[in-house]
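Input: a single structure, listed below in structure tokens.
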Amino acid sequence: MYGKIKDHLTQELQSIREAGLYKNERLIVSPQDAVIRLASGQEVLNFCANNYLGLSNHPRLVQAAVEALQSHGYGMSSVRFICGTTDLHKKLERAIANFFGTEDTILYAACFDANGGIFEPLLSEEDAIISDALNHASIIDGVRLSKAKRFRYANADMKDLEEQLILAQDARFRVIVTDGVFSMDGNVAPMDEINRLAKKYDALIMVDECHSAGVVGKTGRGVTELFNIRGEVDIITGTLGKAFGGALGGFTTGRKEIIELLRQRSRPYLFSNSLPPAVVNAGIRMFEMMAETSELQEKLHHNTDWFIGKMKEAGFDIKPSRSAICAVMLYDARVSQEFASRLLEEGIYVTGFYYPVVPKGAARIRVQLSAAHEPEHLERALHAFVKVGKELGILTN
Ligand SMILES: *Cc1c(COP(=O)(O)O)cnc(C)c1O
């Protein structure tokens, strides 16, 4: 009998709408790129994709996917350990380990699953997880699924982390868990300090590199490159769904005994389907491209520095960032929405974020830069920001 819960859900949806929190999905009818076409026919410049390296529609990746469709077919119809492992899956796992300088890798359907399936097999009630307060939802869920004791420290606050490590000293094992880049501000985790504290207080380190892999560090190897601590982080999780081509797929890479145990015990790996060969082969091709050159990283870093520099010069309030994320602070939720919709009229597609996605009174527009952006794209975005900023009284000179 659907009757009673139907009324309840209708009310719930209504209250989401009334709170102004209802998420509408805008339809895109072109491939993901710097320029996209909306269902309305309008062509806009895209500044809100995780397409940091511009690979989402790269011809070499499309070609690799087509080749694998022909050589290995469409779907695997199996989890990895029954009959869902191809030569391609093993090759991609090796390529990821080579990229990060780690020992071994295990693939998942998504990083949400990698994070969901990491803690429960490794840790029990005798152990402790010490987690940054701004970590991604999938880490929070993964922590909930394990029996380990939970400690939380304020975002990137090393004094607080040290206090939590002291409180966790009687645990058998300790793991410090952090995002590499925090997606709403674009700041990076202070990995040098985290590494020092991990040594001092005998803790493992786990980093989620979803927004940092491919992006951060001179050659895009992520926060371990940025802080020169390659090989010192025990567990790295990441996604193929952002900089690395944008399709889907997640991974955990790190110490070989950890990866080996995950293959035996990690539930999202054991009980969910193997990635399709087309996606896996495009991943292999993508890591080949990463090994050939760092041109895309150079272009991305140049674009990011240029855009953030010009936005600050224009008088915008920008959060300190060391990633490809530029958070334009507007503080007021309504202003952030109005600003974003005016920008769309100007042909610039960005998203305004407000509570509960960011703290109350900290509404912003998040701009995501990409190696796909050409100088004229960046200039058009800058001009549109300045124009709308003046109209809305954000910029006063
Ligand atoms: C996007 C993201 C995820 C989820 O990755 P998927 O592969 O899309 O599931 C996990 N962690 C962080 C920090 C992310 O930004």
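The values are calculated or read from the model by the stated rules, or taken from the named source; none is laboratory data. These numbers were taken from a predicted model, which means no experiment stands behind them. All Cβ positions, even for glycine, are placed from backbone atoms using ideal geometry, and neighbour counts span all protein chains on display. Ligands, DNA and RNA are excluded from the accessible area calculation, which covers all protein heavy atoms including side chains. Shrake-Rupley method; radii C 1.70, N 1.55, O 1.52, S 1.80 Å.
Restricting attention to the chain, close to 55% of DSSP beta bridges with both partner residues there are antiparallel.
Taking a quarter of the surface of the convex hull around the Cα atoms of region 194-245, what do you get in nm²? Walk me through the numbers on the way to the answer.
Numbers: hull surface 13.6 nm².
Taking a quarter of the hull surface, the average projection is 3.4 nm².
Each residue of region 352-362 was assigned a 3J(HN,Hα) from its phi angle through the Karplus curve 6.51 cos²θ - 1.76 cosθ + 1.60 (θ = phi - 60°); the sequence is x, 10, 8, 3, x, 6, 10, x, 4, x, 10 Hz, with glycine and proline shown as x.
Taking Cα centre as origin and charging only the Cβ of basic (Lys, Arg, +1) and acidic (Asp, Glu, -1) residues, the dipole magnitude of the chain rounds to 500 debye. Expressed as a whole percent, the accessible area of region 59-292 that falls on carbon and sulfur atoms is 54 (1.4 Å probe). Taking every alpha-carbon pair within region 124-277, the share separated by more than 23 Å comes to 35 percent.
Sites listed here are chymotrypsin sites (Phe, Trp or Tyr not before Pro) in region 34-133 whose DSSP assignment is loop and whose Cβ has at most 12 other Cβ atoms within 10 Å: TYR74.
Between the alpha-carbon centres of region 286-313 and region 152-173 there is a gap of 34 Å.
Taking the Cα centre of region 130-234 as origin and charging only Cβ (+1 Lys, Arg; -1 Asp, Glu), how large is the dipole, in debye to the nearest 20? The dipole magnitude comes to about 320 debye. Calculate log10 I(q)/I(0) of the chain for q = 0.08, 0.10, 0.11, 0.12 Å⁻¹, where I(q) comes from the Debye formula with a single equal point scatterer on each Cα and nothing for solvent. Evaluating at q = 0.08, 0.10, 0.11, 0.12 Å⁻¹ gives log10 I(q)/I(0) of -0.45, -0.72, -0.87, -1.02.
The residues of the chain expose on average 47 square angstrom of accessible surface per residue, using a 1.4 Å probe on protein heavy atoms. Mind checking which of ILE139, GLY3, ASN24 is farthest towards the positive end of the chain's charge dipole, using Cβ charges of +1 (Lys, Arg) and -1 (Asp, Glu) about the Cα centre? Farthest towards the positive pole: GLY3.
Among the trypsin sites (Lys or Arg not before Pro) in region 139-238, those placed in a DSSP loop whose Cβ has at most 12 other Cβ atoms within 10 Å are LYS147, ARG172, LYS218. For the chain, the relative contact order comes to 22 percent (Cα pairs under 8 Å, sequence separation of at least 6). A simple count of charges around GLY238, restricted to other residues whose Cβ falls under 13 Å of its Cβ and scoring Lys, Arg +1 and Asp, Glu -1, yields -3.
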